[in-house]
1. When you go through 72, 34 one by one, which is the residue that is surrounded by 16 or more Cβ atoms within 10 Å (Cβ to Cβ) and either at negative phi or assigned by TED's automatic domain parsing to the domain that holds residue 91 (or both)?
2. Could you list, ordered by first residue, the pairs with Cβ atoms under 7 Å in which the first is in the stretch 90-102 and crowded, with 18+ Cβ neighbours inside 10 Å and the second is charged (D, E, K, R) and assigned to a loop (DSSP other than H, G, I, E, B), at least 6 apart or interchain?
3. Just to be sure, is residue 92 at pLDDT 90 or above and not in a helix (DSSP H, G or I)?
4. Being closer than 15 Å to residue 129 by Cβ and out of contact with any Phe, Trp or Tyr (no Cβ under 6 Å at 6 or more places or on another chain) is the filter here, so list the residues in the stretch 77-91 that pass it.
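The values are calculated or read from the model by the stated rules, or taken from the named source; none is laboratory data. Keep in mind that this is a model prediction, so the values were computed, not measured. Every residue, glycine as well, gets a Cβ built from its backbone with ideal geometry; the counts of neighbours run over all protein chains shown.
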Amino acid sequence: LIVIARAFSGIAQNPDLFSLLHQSPNAKHLRHLHAHLLRTSLYSNVVLSSKLVLAYSQLNHLFPTSLAVFWHMPYRNIFSWNIIIGEFSRSGFASESIGLFLRMWRESSVRPDDFTLPLVLRACSASRETKLGDLIH
């Protein structure tokens, strides 16, 4: 963990260190990285925080951890929205994925991109929301 913390301290100089979040072997290590991000200004980095959301969800910590990290991010862009929408859909929570998409549309200035729409259409198909799927398509 000391090596990881030292690596994170130089993250601005070395973008490859973002991959450390994907290499966290278990929830305990990920929580240590999360705590380090909170203690530093690195938590405000939208890409790093988004990768934290992704890492938690890949460890099956979508509820409540990934979602809590997402809502506590100081800034969310289309990259972060796509991660949370996609992870909910991938994890079998299609209705929640659609709800997040609708919330993004209503409550933020972020608009879908070429990655968002297939994620939402897949969620519409899985939840049998054909009317919404037709509107989006």
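1. Values: 72 fails: surrounded by 16 or more Cβ atoms within 10 Å (Cβ to Cβ).
Result: 34 is the single residue among 72, 34 that is surrounded by 16 or more Cβ atoms within 10 Å (Cβ to Cβ) and either at negative phi or assigned by TED's automatic domain parsing to the domain that holds residue 91 (or both).
2. Final answer for the pair search is 98/129.
3. yes
4. Residues of the stretch 77-91 that are closer than 15 Å to residue 129 by Cβ, as a first pass: 85, 88-89.
Across the stretch 77-91, the qualifying residues are 88, 89.
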